[in-house]
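In what follows, a structure is listed as structure tokens, so that the remarks can point back to it.
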Amino acid sequence: MNEQERVKTVEKFVCSVLKDDRTGHDLEHVFRVRRLSLHLAVHEGGNRDIIELSALLHDCADPKLVSSEEEAYKRIDELLRACDVPPNDVNHIIHIIKSVSFKGGNGEPPSTIEGKIVQDADRLDAIGAIGIARAFTYGGAKGHVLFKEDEIPRTVMTEDEYHQNPSSVIGHFYEKLLLLKEKMNTKKAIELATDRHRFMMEFLEKFKEEWNGTNEDVN
Ligand code: ADP
Ligand code: NI
């Protein structure tokens, strides 16, 4: 199978796994992560084929989307072998998917440049204007409120308490989105994240200003 056919086959597979998702793991997210990853690769290097396939598949074993992670990795393994990807590369791609998706990427950073790039691209897509839009889409799908003024920080709750008392969408910025800038692996991603982070801070400032009326009322 040639490279183009391989990418088409993998795209079709990803489409079949993600097509019904409405919580921010949609196909458009995957395509943005691919574009961003390939852009980062221009600056940071890495094997572009491995980066592209890993970016396309990075959400396909997410426990939020599949009933069995083990089964999902098996299917990915079979798919890549059927596409004539060399066994070493198959293992590398699976390693990348595991490290990117592990608890939202909170484990050990990926050990290879290809993994670092795909993780950075996934995190970049959670911040900035797109990140803001995705957070509100997720919050809407889950029925979360926009903002709670006296929110209990997630860090002092157990998982069970959290599920009974989920954070507001704005709360999600403080528990996760504003922390992502510091977690970028590569130089180019740090640069892009800095701009996206600044935009989120501006948004939050405006949001709170409007929540309280307008700053013209405040003396
Ligand atoms: P990842 O892509 O790292 O697996 P998640 O599955 O946690 O990320 O989230 C997918 C999208 O939904 C992201 O844009 C994330 O910011 C958003 N999201 C996740 N949890 C929440 C939440 N509690 N409130 C608002 N948005 C959320
Ligand atoms: Ni993702």
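Let me spell it out: the conditions are (1) of a type in the set (A, V, I, L, M); (2) farther than 19 Å from residue 59 by Cα; (3) within 16 Å of ligand 2 (Cβ to nearest atom), and residue 127 meets all of them except one. Which number is the exception?
Among (1) of a type in the set (A, V, I, L, M); (2) farther than 19 Å from residue 59 by Cα; (3) within 16 Å of ligand 2 (Cβ to nearest atom), the lone unmet condition for residue 127 is (2).
Give the residues of segment 128-156 that are without any contact (Cβ under 8 Å) to a residue 24 or more places away in the chain and surrounded by fewer than 13 Cβ atoms within 10 Å (Cβ to Cβ), sorted by residue number.
Listed by number, the residues that qualify are 133, 143, 149, 150, 153, 155, 156.
Could you please find all residues in segment 160-188 being in a loop (DSSP other than H, G, I, E, B) and either small (Gly, Ala, Ser) or in contact (Cβ under 8 Å) with a residue 60 or more places away in the chain (or both)?
Those that are in a loop (DSSP other than H, G, I, E, B) and either small (Gly, Ala, Ser) or in contact (Cβ under 8 Å) with a residue 60 or more places away in the chain (or both): 167, 168, 176, 184, 185, 186.
Out of the residues in segment 68-99 meeting the condition of being among the hydroxyl-bearing types (Ser, Thr, Tyr) and touching a residue at least 12 places away in the same chain (Cβ under 8 Å), tell me which one is nearest to ligand 1 (Cβ to nearest atom).
In this case the residue turns out to be 99.
Please indicate, with yes or no, whether at least one residue in segment 156-177 is under 30 Å from residue 44 (Cα atoms), among the hydrophobic types (A, V, I, L, M, F, W, C) and either more than 16 Å from ligand 2 (Cβ to nearest atom) or not assigned by TED's automatic domain parsing to the domain that holds residue 62 (or both).
Checked against the condition, which is being under 30 Å from residue 44 (Cα atoms), among the hydrophobic types (A, V, I, L, M, F, W, C) and either more than 16 Å from ligand 2 (Cβ to nearest atom) or not assigned by TED's automatic domain parsing to the domain that holds residue 62 (or both), segment 156-177 yields at least one hit.
Evaluate the following for residue 76: is it away from ligand 2 (no atom under 16 Å from the Cβ) and surrounded by 15 or more Cβ atoms within 10 Å (Cβ to Cβ)?
no
Within 16 Å of ligand 1 (Cβ to nearest atom), under 16 Å from the mean Cα position of the chain (by Cα) and under 20 Å from residue 119 (Cβ atoms): which single residue out of 65, 38 fits that description?
65
What are the pairs with Cβ atoms under 6 angstrom where one residue, in segment 27-48, is in contact (Cβ under 8 Å) with a residue 24 or more places away in the chain and the other, located anywhere, is surrounded by fewer than 16 Cβ atoms within 10 Å (Cβ to Cβ)? Sequence gap at least six, or different chains.
Sorted first by the residue in segment 27-48, then by its partner, the pairs are 41/48.
Need the failing condition index for residue 90 against (1) surrounded by 13 or more Cβ atoms within 10 Å (Cβ to Cβ); (2) over 30 Å from residue 140 (Cβ atoms); (3) out of contact with any Lys or Arg (no Cβ under 8 Å at 6 or more places or on another chain), just the number.
(3)
Tell me yes or no: at least one residue of segment 98-109 is at pLDDT 95 or above, of a type in the set (A, V, I, L, M) and in a helix (DSSP H, G or I).
Within segment 98-109, none of the residues are at pLDDT 95 or above, of a type in the set (A, V, I, L, M) and in a helix (DSSP H, G or I).
The values are calculated or read from the model by the stated rules, or taken from the named source; none is laboratory data. All of these numbers come straight from a predicted model, not from anything done at the bench. Note: ideal-geometry Cβ built from the backbone for every residue, glycine included; neighbour counts use all protein chains shown.
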